[in-house]
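Below: the structure, in structure tokens.
Computed from the coordinates by the stated procedures, all read-outs in this text should not be read as laboratory data. Every value quoted in this text rests on a predicted model; they were computed, and no experiment measured them. Backbone-built Cβ (ideal geometry, glycine too); neighbour counts: all protein chains shown.
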Amino acid sequence: MVFILLYLSGTVTCNVVQIHTVADAGTRAAKLSLINLIPIFLGGGYEFGARLLGTSLYTYGFVHRSFAVVAVLEAIVHIIIVAQIRVISWSNELQFYGLLAASMFLALVLLPLVKKRVYEVFLITHLGCAMALIYAIWQHTRSAHERLWAFPVTYISIFAITGALQLVRIFYRNMVIGRNPVRLILRPYVGDVARITLLLPRPWTVRAGERINLGVPHVGIFYLAQSHPFAISWWEDDGRGRAVSISVLFRPRSGFTRKLLDRVEPNRECGAWIDGPFGPTRVNWSSASTVGDYGHIFMVATGIGIAAQLPYIKELLDGHNKAQVCTQRISLVWQLDRVGDWESARDWLQVLVRQDNGYMLHVSVYDQLRSDSGNEIQRIGENGLIEVHSGRVNWEKQLDAEIESRIGKLLSLLGFKFGTISGT
Ligand SMILES: Cc1cc2nc3c(=O)[nH]c(=O)nc-3n(C[C@H](O)[C@H](O)[C@H](O)COP(=O)(O)OP(=O)(O)OC[C@H]3O[C@@H](n4cnc5c(N)ncnc54)[C@H](O)[C@@H]3O)c2cc1C
């Protein structure tokens, strides 16, 4: 909030300081628009940009949009002022490129409206419009006295350098001389849920909350360069704490994920590539504390949202064995939504229960599809530590019970559908 206020007041000050004529104000607005465009040309998408700047995905998205909005507003001020002092015409070359830049600004503002519906079309057109904008600005500014053409050159340079860095990172992650590149194994379950395991040529230490972008060229020609984000829900390590394979859970939607399930042969290795890891998601926006700093963790998940919680449990149990965390109790309440939810994560849950030497993990599963046998609780897993209830969870009651039996600071982690995580 403070940053935004400082940024906005600083920008407005720059708009008025030492401005003597209306024409000056128009030129100043144009320059401010050009300056504000600089940070939004980091290549590689939100995830890579956030990683480069060391911010969360949310913060990066917010900063990207804020600079873009101010750049557009300044451009609007510039256009309004120019329209006051001269006649704007498409036939004038300078003005033609100015109007082209304005059209690209407009397109870039409107495009996010279709983002949810056609994500890939959004990505390509967003990039296309951004490139057209650079070209239009280049043509519009190249005859100016003040070397304003340096701005489009800067945008292209930033975009090219960050894009190249991302490419290098992808090669580094996927290729190791003398080893197979990343391989993918698809394991479908009943109820349209599937698990993907990726065999990694270059192990890394996975942290809970990390995500990867996954590309599977085998899915089809249009998907060669496409990648989609998935939360890492499990990993197997090499005995030295570095993951040799990672797994993700997914329920197919209508595009890439549906084709992946339809076109990749189950339980056979096939080629894939990953970009990442990205994250992890921060536990608390207002402080730098980690999950292990809390005495009591209350985790709730519905459906395959469990994929986002398992890594935290795995990491906490590991940290507990090494006496690295303060956590003394983990309560996981998992509401099964659909057929296949249970099967997709059952074996991982059982591994975790076995790993829990300190008996700090309490798992309650609510299965609304289970035929009700008099509200009988079924106990499964090591020492019957996983309680399976029939029906739906009463979230309010669960939260009250956790607050009542609280041990130290309580943190709640929410995982719905596919991996939204937040803390309170
Ligand atoms: C940080 C993050 C982590 C995720 N983790 C998981 C996970 O662990 N398991 C899981 O099942 N799903 C996960 N998702 C969602 C998953 O990435 C999308 O469901 C998938 O990309 C849909 O691809 P599609 O072509 O089949 O979707 P479509 O049917 O074309 O679209 C369905 C929805 O997915 C969104 N979407 C499509 N492509 C992308 C993309 N490249 N990036 C972001 N969103 C997209 C669209 O906006 C749309 O709302 C995650 C998403 C994000 C942002």
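Work out, in µm²/s and without decimals, the Stokes-Einstein translational diffusion coefficient of the range 194-249 at 20 °C, 1.002 mPa s, Rh from Kirkwood over C-alpha pairs.
It diffuses with D of about 178 µm²/s by this estimate.
Once you have the Cα-Cα distance between S89 and Y58, take 0.36 nm times their residue separation minus that, and quote the gain in nm to one decimal.
Length difference between fully extended and current span is 7.1 nm.
Quick one: P(r) of the range 46-91 from all Cα-Cα pairs, 10 Å bins, percents rounded to integers, in order of increasing distance.
The distribution over the range 46-91 is 25, 29, 20, 17, 8, given as percents.
Counting pairs of alpha carbon atoms under 8 Å apart in space and at least six apart in sequence, what relative contact order in percent does the chain give?
It rounds to 12 percent for the chain.
Report, in listed order, any pair from K116/K259; K322/K397; K31/K116; K314/K409 with a Cα-Cα distance greater than 22 Å.
Beyond 22 Å between Cα atoms: K322/K397; K31/K116.
For q values of 0.12 Å⁻¹, compute log₁₀ I(q)/I(0) with the Debye formula on a Cα-only model of the chain, without solvent.
-1.04
Using only Cα atoms, what is the ratio of the radius of gyration of the range 118-270 to 2.2 N^0.38 Å?
For the range 118-270, the normalised Cα radius of gyration comes out at 1.35.
Over all directions, what mean area does the Cα convex hull of the range 183-278 project, stated in square nanometres?
For the range 183-278, the mean projected area of the Cα convex hull comes to 6.0 nm².
Using the Kirkwood radius over C-alpha pairs as Rh, can you work out the diffusion coefficient of the range 1-79 via Stokes-Einstein at 10 °C, viscosity 1.306 mPa s, in µm² per second?
Calculated translational D: 118 µm²/s.
Volume per residue, Å³, of the convex hull around the alpha-carbon atoms of the range 2-167?
Normalising the Cα hull of the range 2-167 by residue number yields 125 Å³.
To make sure I understand, if each residue's beta carbon is the centre and we count other beta carbons within 10 Å, what order do D337, D237 fall in, fewest to most?
So the ranking, lowest neighbour count to highest, is D237, D337.
Write down the Kirkwood hydrodynamic radius of the range 291-416, to one decimal in angstroms, obtained as one divided by the mean of 1/r over all alpha carbon pairs.
By the Kirkwood definition, the hydrodynamic radius is 14.6 Å.
Can you give me the P(r) profile for the range 314-374? Cα pairs, bins 10 angstrom wide beginning at 0, each as a whole percent.
It works out to 20, 44, 26, 10, 1, in whole percents.
What share of Cα pairs, in percent, lie more than 17 angstrom apart in the range 70-153?
In whole percent, the long-distance tail amounts to 52.
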